[in-house]
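Chemist: Here's a structure for you.
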Amino acid sequence: MKIKIKSKSILILVVGFFLMSLNFNAQEFSVQNVPASLVNQYLKPSNFNLGKTASLFPTDKKFRNSTDHTAAVQKIIDKNKIVILPDFKLFINSKGLKIGSDKKIIFRKNSSIQFTGSANGRFSDVVKIYNAQNVEIINAVIVGSRYSKSKTQTGQWSSGIAILNSKNVTITNAKISDTFGDGIFIGSEDGIFSENIVVDGGWVNKVRRNGISVTSAKNVVLKNILISNTYGHDPQCGIDIEPSWEKDILKNIYLKNIYTYHNLAAGISINLNAFNRQIASNVKTTDITIENHTDEASRHGLLTSLNTDNQPYDAQGIIKIKNAKWKQNQSPYWFTPNKHSIEIEFSGVIIENQNQKKDFETNVKSLHHVKILME
């Protein structure tokens with residue numbers, strides 16, 4: 001399937017929420033088929049012996065053939081700690097599904113959620129983990145509304161799974177596609193944060209904003225995930241680590257074994273401009289580690305945007321990039337040249353194009369607080 005968008009010039013300009021400038025020069029983006037061998041490396045649904053498990057859901061044809069399962073599914077989730085979804089597609093409207101504390105949601109082999117609602121605001125998410133703790137979602141299959149014929153969809157919101165102000169949340173082997181906003185959103189919308197979040201395994205494909213956004217969180221682990229074909233609304237990155245405003249927090253963010261494939265802007269983006277300050281007492285400290293990241297055919301493998309407005313104080317801490325491999329990029333590493341306080345350490349970076357490798361090494365040597373560690 002080929003899906004094309006044209007843009008004579010796409011300007012990613014952030015004032016407050018996203019300060020970064022890129023020119024995409026009359027480019028054409030086409031969704032690419034992801035090799036099945038690659039998908040199978042990262043999408044490995046957990047096996048459960050559910051053969052004789054009693055169903056919590058109606059078994060009649062009327063329920064199965066319904067075009068709106070939202071109310072019935074929400075009622076069952078509210079009443080039960082462990083919910084095994086029925087083995088067929090569920091149609092969920094604009095209300096989405098709210099997952100409270102102490103819940104485990106398991107998708108069967110043929111379980112899936114098709115979002116039929118419209119994206120029209122900040123909380124138009126499909127699966128909503130808001131102000132909750134001790135939540136586990138296993139083998140989720142979620143299809144969003146980006147290709148809906150509705151003409152009322154606006155903005156950049158509507159994540160497949162949104163984790164807001166929550167803690168102790170694990171998402172395992174999720175397959176998320178076609179969302180109007182992010183595939184997965186981790187953070188807050190009101191200056192708080194999420195904590196102890198693990199996303200392990202899965203595939204995010206053809207979402208409109210970012211594959212995964214991390215805006216305000218402590219102790220986040222993202223690992224063994226494939227993210228592909230992200231395009232449609234800035235930032236358009238596989239993973240975007242970016243505070244929305246100065247009250248957000250980014251502490252102990254760890255990415256491992258991430259494969260980003262053919263995302264419009266970048267495989268992984270780190271944008272900390274919301275932490276730029278004029279007063280020293282308001283400085284934030286963050287630490288981000290990215291280990292074993294591979295990017296294939298995104299415009300940039302890695303992107304960093306730091307202190308673009310040259311404030312006297314900006315984010316402190318460290319960003320570590322270990323054992324990255326970037327290939328088939330226009331430029332493997334895109335960065336803002338401004339002086340910044342946070343340290344960036346590269347080690348074990350492999351760039352297939354030898355000219356790009358030389359440029360990368362030369363550029364890094366000229367940057368403030370950026371270095372390549374000798375192995």
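Chemist: Whole Å is fine, so just give me how far the alpha carbon centre of the range 332-375 lies from that of the range 157-186.
Modeler: 31 Å
Chemist: Another question, if that's okay. Rg(Cα) of the range 304-357 divided by 2.2 N^0.38 Å?
Modeler: After normalising by residue count via 2.2 N^0.38 Å, the value is 1.31.
Chemist: Would you kindly state how much longer the chain becomes between Lys149 and Ser55 on full extension, computed as 0.36 nm times their sequence separation minus their alpha carbon distance, in nm to one decimal?
Modeler: Working it through step by step, the gained length comes to 30.5 nm.
Chemist: For Asn363 and Asn33, calculate 0.36 nm times their separation in residues minus their Cα-Cα distance, and state this gained length in nm to one decimal.
Modeler: Computed gain between Asn363 and Asn33 is 115.5 nm.
Chemist: What is the list of residues in the range 186-205 whose amide nitrogen lies under 17 Å from a point 7 angstrom out from the Cα of Arg122, following Cα to Cβ?
Modeler: The answer is 186-194.
Chemist: By how many nm would the segment from Lys75 to Glu343 lengthen if fully extended, with 0.36 nm per residue of separation less the alpha-carbon distance?
Modeler: Stretched fully, the Lys75-Glu343 segment lengthens by 91.6 nm.
Chemist: Tell me the label-point distance for the pair Asn47, Ala280, using the 7 Å Cα-to-Cβ offset, in nm and rounded to one decimal.
Modeler: The answer from the label model is 6.0 nm.
Chemist: Going by average Cβ neighbours within 10 Å, how do the peptides 105-118, 266-279, 358-371, 132-145 rank, with the highest at the top?
Modeler: Sorting 105-118, 266-279, 358-371, 132-145 by mean packing, highest first, produces 266-279, 132-145, 105-118, 358-371.
Chemist: How would you classify the range 149-230 from its alpha-carbon gyration tensor, with a ≥ b ≥ c the square roots of the eigenvalues: rounded for a/c under 1.5, else prolate if a/b is greater than b/c, otherwise oblate?
Modeler: In terms of gyration-tensor shape, oblate.
Chemist: Oh, and also: Does anyone have the angle between helix 354-366 and the longest principal axis of the chain? Alpha-carbon axes, 0 to 90°, nearest 10?
Modeler: Roughly 70 degrees between the two axes.
Chemist: Rounded to a whole number, what % of the accessible area of the chain do carbon and sulfur atoms account for, probe 1.4 Å?
Modeler: 48 percent
Chemist: Follow-up. Between Lys95 and Asn252, how high is the FRET efficiency from 1/(1 + (r/R0)^6) when r is the Cβ-Cβ distance and R₀ = 41 Å? Nearest 0.05.
Modeler: That gives a FRET efficiency of 0.75.
Chemist: From the phi of every residue in the range 139-144, what ³J(HN,Hα) in whole Hz does the Karplus formula 6.51 cos²θ - 1.76 cosθ + 1.60 yield, where θ is phi - 60° and glycine or proline is x?
Modeler: Values, residue by residue: 6, 5, 10, 10, 10, x Hz.
Chemist: If packing is taken as the average count of other Cβ atoms within 10 Å, what order do 228-239, 334-345, 212-223, 75-86 fall into, highest mean first?
Modeler: Answer by packing, highest mean first, reads 228-239, 212-223, 334-345, 75-86.
Chemist: Please list, in chain and number order, the residues 5+ apart from Lys95 or on another chain whose amide H is under 5 Å from its amide H, with Hs placed from the backbone.
Modeler: Those qualifying (amide H under 5 Å, at least 5 residues apart or on another chain) number zero.
Chemist: Same structure, new question: Taking amide H positions as placed 1.01 Å from N in the peptide plane, with prolines and chain starts having none, which residues 5 or more places from Asn353, or on another chain, fall under 5 Å of its amide H?
Modeler: Under 5 Å from the amide H of Asn353 lie the amide H atoms of Gln328, each far enough along the sequence or on another chain.
Chemist: What does the charge add up to near Asn205, with Lys and Arg as +1, Asp and Glu as -1, over the other residues with Cβ less than 12 Å from its Cβ?
Modeler: +3
Chemist: Would you work out the charge dipole size for the range 179-238 about its Cα centre, treating the Cβ of every Lys and Arg as +1 and the Cβ of every Asp and Glu as -1, and quote it to the nearest 20 debye?
Modeler: Dipole of the range 179-238, to the nearest 20 debye: 240 debye.
Chemist: Then there is this: List, in order, the whole-Hz ³J(HN,Hα) value for each residue of the range 322-333 obtained from phi through the Karplus relation with A = 6.51, B = -1.76, C = 1.60 and θ = phi - 60°; use x for Gly and Pro.
Modeler: For the range 322-333, the Karplus curve yields 10, 6, 8, 9, 10, 9, 6, 9, 5, 8, x, 10 Hz.
Chemist: Roughly how many Å² is the accessible area per residue of the chain, as a whole number, for a 1.4 Å probe?
Modeler: Result: 44 Å² per residue.
Chemist: Ok, one more. Taking the structure as given and computing Cα extents along the principal axes in Å, which label from [x] 72, 58, 53; [y] 67, 46, 43; [z] 74, 45, 37 fits?
Modeler: This structure yields the entry labelled [y].
The values are calculated or read from the model by the stated rules, or taken from the named source; none is laboratory data. Everything numeric here is computed off the predicted structure, so don't read it as measured data. Backbone-built Cβ (ideal geometry, glycine too); neighbour counts: all protein chains shown. Ligands, DNA and RNA are stripped out before the accessible areas are found, and what is left, the full protein with its side chains, is counted by its heavy atoms. Shrake-Rupley method; radii C 1.70, N 1.55, O 1.52, S 1.80 Å.
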